[in-house]
1. Tell me whether the range 185-199 contains one or more residues that are in a helix (DSSP H, G or I), under 18 Å from residue 148 (Cβ atoms), out of contact with any Cys (no Cβ under 6 Å at 6 or more places or on another chain) and open to solvent by less than 10 Å² (accessible area, probe 1.4 Å).
2. Does residue 180 satisfy being farther than 30 Å from residue 207 by Cβ, among the small types (Gly, Ala, Ser) and open to solvent by 40 Å² or more (accessible area, probe 1.4 Å)?
3. Go through the range 56-66 and report how many residues are in contact (Cβ under 8 Å) with a residue 40 or more places away in the chain and either open to solvent by less than 30 Å² (accessible area, probe 1.4 Å) or not in a loop (DSSP other than H, G, I, E, B) (or both).
4. Residues that are farther than 28 Å from residue 22 by Cα and open to solvent by 20 Å² or more (accessible area, probe 1.4 Å): which helices (runs of 4 or more DSSP H) entirely in the range 200-268 hold 2 or more of them?
5. Only one of (1) farther than 30 Å from residue 263 by Cα; (2) at pLDDT 95 or above; (3) surrounded by fewer than 23 Cβ atoms within 10 Å (Cβ to Cβ); (4) out of contact with any helix residue (DSSP H, G or I) (no Cβ under 8 Å at 6 or more places or on another chain) is not met by residue 53, so which one is it?
6. Quick check on the range 67-78. Is at least one of its residues surrounded by fewer than 22 Cβ atoms within 10 Å (Cβ to Cβ) and at positive phi?
Amino acid sequence: MTTTGNGRPLAVVTGASSGIGYELAVQFAEHGFDLIIAAEDDGVGPAAARLRRDGGPQVQPVRVDLARADGVEELAAAVAATGRPVDALALNAGRGAGGAFVGGTDLADELNVVDLNVRSTVHLAKRLLPGMVERGAGRVLFTSSVASTMPGPFQAVYNGSKSFVQSFAEALRTELKDSGVTVTSLMPGPTDTGFFDRAQMQDTRIASGHKDDPRTVAEQGFEALMRGDQTVSAGSLRNKVQTAMGKIVPDRLKSETHKKMAEPGSAS
């Protein structure tokens with residue numbers, strides 16, 4: 001890792017105003033990193049203030065909508081303006097949209113999911129990874145999902161987007177294996193964040209069931225990133241089993257199981 005005059009390396013974390021993203025930022029702060037944190041909501045400022053407490057790191061909040069290309073460019077410009085190399089990049093920003101694809105969801109909403117989960121991930125990686133590769137050092141964490149391992153009825157676009165992120169991360173890991181840059185994929189299951197509220201899935205079985213602590217997920221993701229692991233199925237043992245089973249269970253069966261968990265009204 002590279003350091004500046006204050007002795008700290010720099011990490012960039014997206015989707016960092018709350019949930020897994022904020023807890024990832026906490027992990028970086030507690031392990032000696034300065035931070036640039038990004039989110040679209042006004043919670044990013046208070047999140048930065050909490051991270052700075054008690055003589056902690058330098059934290060620069062950047063409020064941008066990464067579902068827009070100009071938002072990604074604004075964040076990339078803010079990183080470049082520091083004049084500092086990026087030692088760690090956590091591409092965590094993402095959201096879901098629940099409901100039946102035909103008649104239950106809005107096209108604009110689902111295209112926003114694609115823009116945030118897929119396009120912004122590619123766009124920001126394209127802007128920041130070349131500098132890491134040029135220096136021959138850096139760590140990249142993609143927040144994928146256990147959902148990437150299965151078709152997702154009533155979350156069709158979200159699961160598809162996470163399948164893309166998972167495949168993209170694994171492909172980059174292979175491309176960059178001799179570059180000095182490591183790529184790790186974080187695969188959480190249902191986690192106690194605002195995800196289900198924003199996705200309008202409060203009345204589903206998956207939303208009403210067990211959810212993991214985002215701090216635990218972030219701790220496991222950070223540790224895997226520092227080790228340079230390929231993937232980490234974070235959270236409960238159930239998630240690890242589900243990820244393993246996803247490699248052998250036919251897609252048809254996985255799809256039927258997901259339908260029962262994500263169908264609107266299934267919580268009752």
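The values are calculated or read from the model by the stated rules, or taken from the named source; none is laboratory data. Computed from a predicted model, the values in this text were never measured in an experiment. Here Cβ is always computed from backbone atoms with ideal geometry, including for glycine, and neighbour counts include all displayed protein chains. Only protein heavy atoms, including side chains, enter the accessible area calculation; ligands, DNA and RNA are left aside. Shrake-Rupley method; radii C 1.70, N 1.55, O 1.52, S 1.80 Å.
1. At the first step, the residues of the range 185-199 found to be in a helix (DSSP H, G or I) are 195-198.
If we keep only those that are under 18 Å from residue 148 (Cβ atoms) as well, we get 195-196.
The next check asks that each one be out of contact with any Cys (no Cβ under 6 Å at 6 or more places or on another chain); those that pass are 195-196.
Still in the list and also open to solvent by less than 10 Å² (accessible area, probe 1.4 Å): none.
No, the range 185-199 contains no residue that is in a helix (DSSP H, G or I), under 18 Å from residue 148 (Cβ atoms), out of contact with any Cys (no Cβ under 6 Å at 6 or more places or on another chain) and open to solvent by less than 10 Å² (accessible area, probe 1.4 Å).
2. Working: farther than 30 Å from residue 207 by Cβ: yes; among the small types (Gly, Ala, Ser): yes; open to solvent by 40 Å² or more (accessible area, probe 1.4 Å): yes.
Criteria met by residue 180.
3. So the count comes out to 2.
4. On the way: elements: 205-208, 214-227, 237-245, 251-262.
Answer list for the range 200-268: 251-262.
5. (2)
6. no
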